[in-house]
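Inspection log for the structure reproduced underneath, given as structure tokens.
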Amino acid sequence: MCGIVGYIGPQTASGILLSGLQKLEYRGYDSAGIATVSEAQLQCIRAKGKLHHLQEKLASWENSAVLGIGHTRWATHGKPEEHNAHPHRDARDRLAVVQNGIIENYRELREELKERGCTFRSETDTEVIPHLISEKLDGLKAKGEPSLLEAVRQAVNHLEGAFAIAVVSADFPDELIVARQQAPLVVGFGDGEYFCASDPPALIHHTRTVLTLENQELARLTTQGVELYHFEGNRVRRPPRTLNWNPVMVEKQGFKHFMLKEIYEQPGVVRTCLEKYVDSTWQPGQATSPIRLNLAPELTANLENIQIMACGTSWHASLVGKHLLEQLAGIPTVVQYASEFRYAPSPMTANTLTIGVTQSGETADTLAALETEQQRRSQQPAHLQARLLGITNRPESSLARLVPAIIDTHAGIEIGVAATKTFMAQLMAFYFLAIEVAYQRKTVAPQRLGEIIDGLQQLPAQLEQVLESQERYVETLAHDFVETQDFIYIGRGINFPIALEGALKLKEISYIHAEGYPAGEMKHGPIALLDAKVPVVAIAMPGTVFEKVLSNAQEARARDARLIGVTPMNEQEAKETFDTLLPVPAVDEIISPLLTVVPLQLLSYHIAALRGLDVDQPRNLAKSVTVE
């Protein structure tokens, strides 16, 4: 969740480090700092709060060092105070470390180090690392074999947990050491200069040639090149790759916030997904599938069950996926909170596909849940063996290296912490998977599959229509709710998960308490919350549950709640039911979630913006949740 950057080369390091940290602000943080090495001296400067506080300190800091590391911290151990900010140093202030992740055995290491005379200046788990490396370095020096790389290698073998680290030392002014275990870290290759970062957006203004470290790997960066090693000490040789990214992708391009830009990018994301995965020439009756996911046949053959593991917004997308897989493909499907599954896994069922859904591909709970499933099924008979599939926006991520197959959602870089376009792309992935499996199992008539695909093909234009017609209207509507304290969202069937997602978006960025419920459950308790101060947003799309949702909405109206309806404009009964309409085009009920979510995204955005909040970096949240 923290941000790491590092640099070695001919340029002044501090400016590059600060720029890199700015590109990682979306990950969430509460303090920041950098450390540089120049003329055999280590300099470190840290600040609590946002990066501008660090920038103000750097303005009066004369430093021409060409080697350094930087960090944005999201507090896990110790309050967000300057003394807990990274980088952390050894007792002699000759060595500095930045870390992403959690050191699970830090208490034991801390006590052992204290017994050997170490004094700690923070409450963090990270501070054990520089002390431990310093000890190992002293031991190597005593043998006449000083090596920062070897000292780091020995130290990381004492660490337990998920971590990525970058290390510099005043005694080794020409090298930067990095290491990775279960937390993302990439190395960037320039012209006589090298970079490291916890996420590629920090690098792409300098280079698109990167090498992603695998688990239990460390690297030595010098101006001469990069040396890669395993924690056991053996040399590893692996070529870098070129990112298909453009620096413009991480700019706001005239939008006030990244979140609004990304909401507007959704029609383009859907177009890209359709181009990548749909055979536009397919016609009902053809002997080939209309979907081109290129999954191995054995992954989906003879399926009896599907289980999906996800967190947050990805969990909501998975609930829509469950509906599609059950209603189209006819396969019993359960959606698990990844954080719960890893400690209480479901009983093993035969011929089960396990899907991990994570935007970043680095979500610690989801990765751990998939590893749990993989391990517990590894010694089972063939019908109980693990079948793993990932859905992610980052095909270079840890998820892609863990599972044998992924569906790349092709959403592009998403900077706003609150997921919008990546949620849309995850939904598209589930539509494609459900259609593909339904085609294989012949559970849906080809003509019906063709109707659904035709509906998906119309979506980009319909999404643009919603954005063009809704944004100004929703911005005006949002003024009514700037002081509101509670919201209720309701939906049924395939749109119940959209009610959950709408409530989550409002909570995440406006800090208004909001809850999503199945509309039919309101009278079983939540209706007690309703009065004139609690707006109710109902998703009412024509189809199997349309009349039921309107009936449930009437129950809320009878309690004086203001009713807001996400519904087609031409539905007269809906007009008579709701006080305010957020109209969307009339579409087949099964594809309606792809449209109904957009007005809810806009409503959340405009309420938060009018409240003067940091929409892209909401408090206490991070984009990539790489800790348990």
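The values are calculated or read from the model by the stated rules, or taken from the named source; none is laboratory data. Keep in mind the model is a prediction, meaning the values are calculated, not measured. Because the Cβ atoms are built from the backbone with ideal geometry, glycine has one as well, and the counts that use them run over all protein chains shown.
Of the set (1) without any contact (Cβ under 8 Å) to a residue 40 or more places away in the chain; (2) touching a Leu at 6+ places or on another chain (Cβ under 7 Å); (3) outside the structural domain of residue 328 (by TED's automatic domain parsing), all apply to residue 454 but (2). Among the residues of the stretch 140-155, none qualifies, meaning not one is closer than 24 Å to residue 24 by Cα and surrounded by fewer than 15 Cβ atoms within 10 Å (Cβ to Cβ). Filtering the stretch 508-534 to residues that are in a helix (DSSP H, G or I) and among the small types (Gly, Ala, Ser) leaves 510, 519, 520, 528. Touching a residue at least 24 places away in the same chain (Cβ under 8 Å) and buried (at least 17 other Cβ atoms within 10 Å of the Cβ): is that true of residue 461 in this structure? No; evaluated as a whole, the condition is false for this residue. Counting only residues that are assigned to a strand (DSSP E or B) and touching a helix residue (DSSP H, G or I) at 6+ places or on another chain (Cβ under 8 Å), which one in the stretch 283-306 is nearest to residue 449 (Cα to Cα)? Applying the filter and picking the extreme gives 291. Within the bounds of the stretch 312-322, is there any residue that is touching a helix residue (DSSP H, G or I) at 6+ places or on another chain (Cβ under 6 Å), free of Cβ contacts under 8 Å to residues at least 24 places away in the same chain and in the same structural domain as residue 417 (by TED's automatic domain parsing)? Taking every residue of the stretch 312-322 in turn, none turns out to be touching a helix residue (DSSP H, G or I) at 6+ places or on another chain (Cβ under 6 Å), free of Cβ contacts under 8 Å to residues at least 24 places away in the same chain and in the same structural domain as residue 417 (by TED's automatic domain parsing).
If only residues of the stretch 390-413 that are touching a Pro at 6+ places or on another chain (Cβ under 8 Å) and not charged (D, E, K, R) are counted, the one that is surrounded by the fewest Cβ atoms within 10 Å (Cβ to Cβ) is 413. Right, residue 339: modelled with pLDDT under 95 and closer than 26 Å to residue 182 by Cα or not? So residue 339 fits the description; yes. Taken over the stretch 1-60, the criterion of being of a type in the set (A, V, I, L, M, F, W, C) and assigned to a helix (DSSP H, G or I) is satisfied by 13, 16, 17, 18, 21, 51, 54, 58, 59.
Residues in the stretch 372-397 that are farther than 24 Å from residue 432 by Cα, assigned to a loop (DSSP other than H, G, I, E, B) and charged (D, E, K, R): there are none.
Against the definition (among the β-branched types (Val, Ile, Thr) and in the same structural domain as residue 578 (by TED's automatic domain parsing)), how does residue 482 come out, yes or no? Yes, satisfied.
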